[in-house]
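> Shown below is the structure under consideration.
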Amino acid sequence: MTTKPAIVLVHGFWGGAAHWAKAILELAKLGYTAIHAVENPLTSLADDAERTRKMVRQIKGPVVLVGHSYGGKVITEMGDMPNVKALVFVAAFAPDAGESAGSISQAKPPAAFANIVPDSDGYLWIRPDKFGESFCQDLPADDALVMAVTQKAPLGSTFGNTVTAPAWKAKPCWYQISSADRMINPENQTMMAMRMKAKTITLEASHASLASHPGEIAAMIDEAAKA
């Protein structure tokens, strides 16, 4: 019996490692015991990539890297490590060299772009009264409220940080498109999935597909791990 690889989950903007809670439970049901969820500072792509890199370095054996939202940009930047065997993108950014999340979003803005507002310290927030309809319109109102109150704001400058050498050019890739996403335009998701030649699934889901469709997300991660 082959040992299952370690799964490293990388969160995106406006959330932390706990956004993976439901997917973690689904992965555990599938027999995964080495599950790790990084808590990134969201202060710069370099900081977040190095924090994730440090976690992967601690793991002996093969790793499947999973990125949600901006977390896809993080795994794109640092995912070409020797023990990383596959990359899984969950409604995520996957920029090419010289691209940023900001440049991709500006080309085809998402529906809820106007609900992102900066504070006086340069952090970007989703307006709490608009969080549910913007980020997770397919979750119960109670879940949306908790996500809104506990949202983790990125430094605005992180949006513009560009990728250097995309790991998706060197690793097998999977991509989940959220067709009802209001934070990353679904057309951008399709474009990114196609150009990396990822194995792709499409869900009628919000940006928070990792929470609203955890079974399907875990199944896709399992497929990547088995491959």
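The values are calculated or read from the model by the stated rules, or taken from the named source; none is laboratory data. In this text the structure is predicted, and so the values were computed from the model without any measurement. Cβ sites come from the backbone with ideal geometry, for glycine too, and all protein chains shown count toward neighbours.
> For residue 171, which of the numbered conditions (1) part of a helix (DSSP H, G or I); (2) of a type outside the set (A, V, I, L, M, F, W, C); (3) closer than 17 Å to residue 9 by Cβ; (4) touching a residue at least 60 places away in the same chain (Cβ under 8 Å) fails to hold?
(1)
> Identify all residues within region 21-46 that are closer than 18 Å to residue 3 by Cβ and outside any loop (DSSP other than H, G, I, E, B); write none if there are none.
Result: 27, 28, 29, 35, 36.
> Test residue 3 against the criterion of being more than 12 Å from the chain's Cα centre (by Cα) and either modelled with pLDDT under 95 or of a type in the set (Phe, Trp, Tyr) (or both), and give yes or no.
So residue 3 passes the test.
> For residue 197, only one of the following conditions fails: (1) in a loop (DSSP other than H, G, I, E, B); (2) under 14 Å from the mean Cα position of the chain (by Cα). What is its number?
Failing condition for residue 197: (2).
> Please go through region 101-121 and pick out each residue that is within 15 Å of residue 14 (Cβ to Cβ) and either among the β-branched types (Val, Ile, Thr) or part of a loop (DSSP other than H, G, I, E, B) (or both).
Answer for region 101-121, where residues must be within 15 Å of residue 14 (Cβ to Cβ) and either among the β-branched types (Val, Ile, Thr) or part of a loop (DSSP other than H, G, I, E, B) (or both): 110, 112, 116, 117, 119.
> Among the residues of region 10-31, which ones are without any contact (Cβ under 8 Å) to a residue 60 or more places away in the chain and surrounded by 19 or more Cβ atoms within 10 Å (Cβ to Cβ)?
Selection gives 24 alone.
> Only one of (1) in a helix (DSSP H, G or I); (2) surrounded by fewer than 22 Cβ atoms within 10 Å (Cβ to Cβ) fails for residue 49. Which number is that?
With (1) in a helix (DSSP H, G or I); (2) surrounded by fewer than 22 Cβ atoms within 10 Å (Cβ to Cβ) applied to residue 49, the lone miss is (2).
> Separate question: Answer yes if at least one residue in region 178-187 is assigned to a helix (DSSP H, G or I) and not β-branched (Val, Ile, Thr), and no otherwise.
Yes.
> What number goes with the only condition from (1) out of contact with any helix residue (DSSP H, G or I) (no Cβ under 6 Å at 6 or more places or on another chain); (2) of a type outside the set (Gly, Ala, Ser); (3) within 15 Å of residue 184 (Cβ to Cβ) that residue 57 does not pass?
With respect to (1) out of contact with any helix residue (DSSP H, G or I) (no Cβ under 6 Å at 6 or more places or on another chain); (2) of a type outside the set (Gly, Ala, Ser); (3) within 15 Å of residue 184 (Cβ to Cβ), residue 57 is out only on (3).
> So the check is Cβ under 6 Å with 6+ separation or different chains; which pairs have a first residue in region 96-110 that's under 10 Å from residue 188 (Cβ atoms) and a second one that's surrounded by fewer than 17 Cβ atoms within 10 Å (Cβ to Cβ) and modelled with pLDDT of 95 or more?
108/187
> Is it the case that residue 225 is out of contact with any strand residue (DSSP E or B) (no Cβ under 7 Å at 6 or more places or on another chain), among the aliphatic types (A, V, I, L, M), closer than 30 Å to residue 3 by Cα and crowded, with 20+ Cβ neighbours inside 10 Å?
Against the criterion (out of contact with any strand residue (DSSP E or B) (no Cβ under 7 Å at 6 or more places or on another chain), among the aliphatic types (A, V, I, L, M), closer than 30 Å to residue 3 by Cα and crowded, with 20+ Cβ neighbours inside 10 Å), residue 225 does not qualify.
> Considering region 63-100 alone, what residues qualify as being among the small types (Gly, Ala, Ser), surrounded by fewer than 24 Cβ atoms within 10 Å (Cβ to Cβ) and either part of a loop (DSSP other than H, G, I, E, B) or within 16 Å of the chain's Cα centre (by Cα) (or both)?
86, 98, 100
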